[in-house]
Amino acid sequence: MSNTPLSIAIVGATGAVGRAMMSILEQSDLNVENLYLLASERSRGELLDFRRKSHQVQVADEFDFSKAQIALFSAGGDTSKRLAPKAAVAKCLVIDNSSAFRYEEDVPLVVPEVNPEKIADYHKRYIIANPNCSTIQMVVALKPLHDAATITRINVATYQAVSGAGHKGVSELIKQTGELLNGRQVEPEAFTAQIAFNVIPQIDVFQDNGYTKEEMKMVWETQKILGDDSIKVNPTAVRVPVVYGHSEALHLETKDKLTAEQAREILSNAKGVRVIDDTEKGVYPTPLSQGTGSDAVFVGRIREDISLQNGLNLWVVADNVRKGAALNAVQIASHYVRTVLG
Ligand code: A2P
């Protein structure tokens, strides 16, 4: 429990992640004395409840960030680039959910279960970056295995929920499903192809090397968070017609042999991880059961790779809006409050 009275701003408070940030803060033991809810001109004056009090949404561009000690940003990269430096100058710590600053050397990229020590570098820019949702759940599951057996290569295919694309992603899946079930045609808007009754092997734009930006984020961010540029990561990121909860099929190569039993034991004791793995009973995590409203990273289907000497396969599921974004940001904030603000 932290008694430090806090003034916190949420930039993008009306969005999917912003609302999750509010509800996680509401349940946290942080002593939030003042909460400033910020969004675009469109939401000016909208009323949102926090701890049984109504708060008016203000326009982020007009906000004086010196009023807050911490600002949680989730309003897209352009808003972060425009406003995060203003907040930082006012010594308001920015915890940024966009990719605007993630790859800058003096900006810590943090998953509290993995590299909490990097939060101490906050003072370099007064910005801490929150990683991409797919990277967060992957590194939470991988860190204890990496510590035990040194991962040399990660092959990963993701199955990413539409909420990763914000409100517009969720409404497009629901609207298209309704239209199609009523025999009407649909045109994709938020995604590059029809998402209802389909899967799309493209998230974000293609890069010169044939990978998408979402896939390359997983490469760069995993290496930065684990502090090891030699780890090879080979991702394929896929959008699936699921509302909440990202899933990942991970295929690892390790320097030292790890049996499935050893991996299960290590993961059962790992911070932030819950093992759900009983194939005899057909028990494993799914986004519908575990990927909504939960805090942990769920791991199942733990098995040795029959095609490799030191290979291990895992199925990893997490709530992309909570652990993949809002919860991770609030965990960083709590750590900062405990270790820096006192
Ligand atoms: P608004 O609701 O006023 O548009 P999502 O990703 O779920 O769509 O949410 C995006 C969030 O980012 C919303 O809160 C949205 O506010 C906010 N946002 C978008 N553009 C801006 C902007 N230019 N300035 C401040 N907030 C913005």
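The values are calculated or read from the model by the stated rules, or taken from the named source; none is laboratory data. A quick note: this is a predicted structure, and the numbers were derived from the prediction, not measured. Because the Cβ atoms are built from the backbone with ideal geometry, glycine has one as well, and the counts that use them run over all protein chains shown. We work out accessible area using only protein heavy atoms, side chains counted, and drop any ligands, DNA or RNA first. Shrake-Rupley method; radii C 1.70, N 1.55, O 1.52, S 1.80 Å.
Between the helical axis of 167-181 and the longest alpha-carbon principal axis of the chain there is an angle of about 60 degrees.
In this structure segment 299-342 gives 35 Å² per residue of accessible area when probed at 1.4 Å with all protein chains present.
Estimated at 0.36 nm per residue, the fully extended path between Asn182 and Asp295 surpasses their Cα-Cα distance by 37.0 nm. The largest accessible area among His246, His167, His251, His146 belongs to the first residue in His167, His251, His146, His246, and the rest follow in falling order (1.4 Å probe, all chains). Around the Cα centre of segment 1-133, unit charges on the Cβ atoms of Lys, Arg, Asp and Glu (plus for the first two, minus for the last two) sum to a dipole of about 240 debye. Measuring nothing but how far apart in sequence close Cα pairs (under 8 Å, 6+ apart) lie, relative to its length, segment 293-342 scores a relative contact order of 34 percent.
Mind checking the full-extension length gain between Asp256 and Val205? Use 0.36 nm per residue of separation minus the Cα-Cα distance, one decimal, nm.
Details: separation 51, 0.36 × 51 = 18.36 nm, distance 3.62 nm.
Between Asp256 and Val205, full extension yields 14.7 nm more.
For Met22, the accessible area of its heavy atoms, probed at 1.4 Å with every protein chain present, is near 10 square angstrom.
Two numbers describe the Cα atoms of the chain: Rg and Dmax, which are 20.1, 60 Å.
List the residues of segment 291-333 whose backbone N lies under 16 Å from a point placed 7 Å from the Cα of Glu265 along the Cα-to-Cβ direction. Only 303-304 fall inside the zone, counting backbone N under 16 Å.
Let me know the charge dipole size of segment 75-156 about its Cα centre in debye, to the nearest 20, where only the beta-carbon of Lys, Arg (+1) and Asp, Glu (-1) is charged. Write out the running numbers ahead of the final one.
On the way: 10 positive and 9 negative charges, 49 e Å.
My answer is approximately 240 debye.
Which of the trypsin sites (Lys or Arg not before Pro) found in segment 127-195 are in a DSSP loop and have at most 16 neighbouring Cβ atoms, other than their own, within 10 Å? When the trypsin sites (Lys or Arg not before Pro) of segment 127-195 are filtered for loop state and at most 16 Cβ neighbours within 10 Å, Arg184 remain. Using C-alpha pairs below 8 Å separated by at least 6 residues, the relative contact order for the chain is 18 percent.
Which loop GluC sites (Glu not before Pro) in segment 83-180, with loop taken from DSSP, have no more than 15 other Cβ atoms within 10 angstrom of their Cβ?
Glu104, Glu105
The helix-only estimate of mean residue ellipticity at 222 nm for the chain, built from DSSP H runs of length n ≥ 4 each weighted as -39500 (n - 2.57), is -8500 deg cm²/dmol after division by the residue total. Highest GNM mean-square fluctuation among Gln194, Gln331, Gln290, for the chain modelled with Cα contacts below 10 Å: Gln194.
Once the 1.4 Å probe is applied to the protein heavy atoms, segment 92-235 comes out at 42 Å² accessible per residue. Once you reduce segment 145-177 and segment 226-262 to the center of their Cα atoms, the two points are 11 Å from each other.
In summary, the convex hull built on the alpha carbon positions of segment 225-309 has an orientation-averaged projected area of 7.3 nm². Cross-link partners for Lys323 among the aspartates and glutamates, with Cα-Cα distance under 13 Å and sequence neighbours closer than 8 places in the same chain left out: Glu113, Asp295.
In a reduced charge model with +1 at each Lys and Arg Cβ and -1 at each Asp and Glu Cβ, the chain shows a dipole moment near 520 debye about its Cα centre.
As a fraction of the 1.4 Å probe accessible area of the chain, surface on carbon and sulfur atoms comes out at 48 percent.
Do any trypsin sites (Lys or Arg not before Pro) in segment 1-95 lie in a loop, going by DSSP, with at most 15 other beta-carbon atoms within 10 Å of their beta carbon, and if so which?
Details: sites: Arg19, Arg42, Arg44, Arg51, Arg52, Lys53, Lys67, Lys81, Arg82, Lys86, Lys91; in loops: Arg44, Arg51, Arg52, Lys91.
Of the trypsin sites (Lys or Arg not before Pro), the ones in loops of segment 1-95 whose Cβ has at most 15 other Cβ atoms within 10 Å are Arg44, Arg51, Arg52, Lys91.
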